[in-house]
1. So, TRP283, is that one closer than 30 Å to LEU171 by Cα, touching a strand residue (DSSP E or B) at 6+ places or on another chain (Cβ under 6 Å), in contact (Cβ under 8 Å) with a residue 12 or more places away in the chain and among the aromatic types (Phe, Trp, Tyr) or not?
2. For ALA98, indicate whether it is among the aliphatic types (A, V, I, L, M), open to solvent by 10 Å² or more (accessible area, probe 1.4 Å) and in contact with a helix residue (DSSP H, G or I) (Cβ under 9 Å, 6 or more places away or on another chain).
3. Name the residue, out of TYR198, TYR222, that is surrounded by 14 or more Cβ atoms within 10 Å (Cβ to Cβ), part of a helix (DSSP H, G or I) and either modelled with pLDDT of 95 or more or under 21 Å from the mean Cα position of the chain (by Cα) (or both).
4. Of everything in segment 67-82, what is open to solvent by 10 Å² or more (accessible area, probe 1.4 Å), without any contact (Cβ under 8 Å) to a residue 40 or more places away in the chain and among the hydrophobic types (A, V, I, L, M, F, W, C)? Give them in sequence order.
5. Taking segment 179-194, which residues are under 15 Å from TYR255 (Cβ atoms) and over 19 Å from the mean Cα position of the chain (by Cα)?
6. Return the residues of segment 290-306 that are open to solvent by 30 Å² or more (accessible area, probe 1.4 Å), in contact with a strand residue (DSSP E or B) (Cβ under 8 Å, 6 or more places away or on another chain) and within 21 Å of GLU53 (Cα to Cα); say none if nothing qualifies.
7. Count, please, the residues in segment 263-306 that happen to be in contact with a helix residue (DSSP H, G or I) (Cβ under 7 Å, 6 or more places away or on another chain) and not in a strand (DSSP E or B).
8. Of the residues that make up segment 235-254, is at least one in contact (Cβ under 8 Å) with a residue 24 or more places away in the chain and part of a helix (DSSP H, G or I)?
Amino acid sequence: MSTAHHRAEDKHPEQGPWLGGVREGYADLAEVRLHYVEAGDGPLVVLLHGFPEFWYGWRLQIKALAVAGFRVVAPDMRGYNLSSRPKDVGDYDLKKLADDIRDLIHERGAQSAMIAGHDWGGSVAWATAMNHPDVVDRLAILNAAHPRKLSEGLHHPGQLRKSWYFFFFALPDLPDAVVHANNWHFFRHFLHDARPPYTKADMDHYIEAWSQPGAATGMINYYRSSVRTPAKEAEAAIHPIKAPTLVIWGQRDAYLGQELAEPHHDDVPGLDRVERLSNASHWVHHDDPQNVNQLLIDFFAPALSR
């Protein structure tokens with residue numbers, strides 16, 4: 001069953017008007033139902049948000065890419081906002097998350113797409129390009145380390161300190177309670193280093209997304225699943241990326257060291273380049289949207305001339 005547009009009986013809040021000029025819908029996939037917004041017509045670009053964002057994290061990219069001639073789909077990943085929020089930690093395994101993106105591309109009527117992913121969305125984008133190379137035409141990664149680089153990084157005390165929340169989120173129950181406290185202070189704090197700061201209106205939208213029943217636990221379960229994955233299993237899941245790949249990296253990232261930006265050549269033989277934006281934080285697409293938008297448009301442009 002496929003649902004192209006929001007249905008009245010869903011009784012979900014409509015969020016498309018927050019941006020204006022976008023279509024809003026739900027994609028019924030094998031295991032989950034993903035909420036998305038969509039804009040433009042042309043070759044398909046799928047934008048995958050990270051933690052603790054949702055589709056709205058791409059608000060500064062969606063229209064720019066649509067105007068440039070692409071059809072842009074920005075879903076809420078499983079567990080987030082208005083998408084299905086499975087309860088089991090095992091439901092947030094990277095393989096399942098990558099399957100969602102393959103299925104979403106097909107549900108939207110395409111055989112393949114260009115994918116851009118930030119943070120956890122970048123991790124899912126890496127996994128999609130490894131597990132389903134035939135659905136990924138081009139891959140853009142924003143401040144998300146290749147899994148091998150991240151694994152190597154977590155052997156170093158400096159990166160371990162930056163990644164402390166990985167292990168806090170792995171605890172049962174406690175994080176789910178803590179994040180709600182003081183009007184979502186814990187989640188809001190992750191966004192505090194963005195420049196310019198997020199507006200009150202933006203933060204109100206984020207709080208609405210976080211407040212959806214079960215969403216906070218779904219978001220945290222990405223970390224729980226990751227920490228529970230045996231190292232050998234994670235290593236065995238790494239395959240060379242066939243798609244041409246662009247890495248965009250905000251150099252002032254408080255969560256990931258700069259040394260994690262560049263993947264190993266054997267893992268990403270089609271690396272176009274690593275573009276480092278010196279004044280951008282982890283929230284590179286928020287801090288420097290003009291440069292990020294132009295980099296994405298230029299990198300995806302070959303699809304427009306097919």
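1. In short, no.
2. It is false that ALA98 is among the aliphatic types (A, V, I, L, M), open to solvent by 10 Å² or more (accessible area, probe 1.4 Å) and in contact with a helix residue (DSSP H, G or I) (Cβ under 9 Å, 6 or more places away or on another chain).
3. Being surrounded by 14 or more Cβ atoms within 10 Å (Cβ to Cβ), part of a helix (DSSP H, G or I) and either modelled with pLDDT of 95 or more or under 21 Å from the mean Cα position of the chain (by Cα) (or both) holds for just one of TYR198, TYR222, which is TYR222.
4. Residue satisfying the conditions is VAL67 alone.
5. PHE186, the sole residue that qualifies.
6. Matches in segment 290-306: ASN291 only.
7. Adding up the residues that qualify gives 11.
8. yes
The values are calculated or read from the model by the stated rules, or taken from the named source; none is laboratory data. Fair warning: this is a prediction, and the values are worked out from it, not measured in the lab. All Cβ positions, even for glycine, are placed from backbone atoms using ideal geometry, and neighbour counts span all protein chains on display. Only protein heavy atoms, including side chains, enter the accessible area calculation; ligands, DNA and RNA are left aside. Shrake-Rupley method; radii C 1.70, N 1.55, O 1.52, S 1.80 Å.
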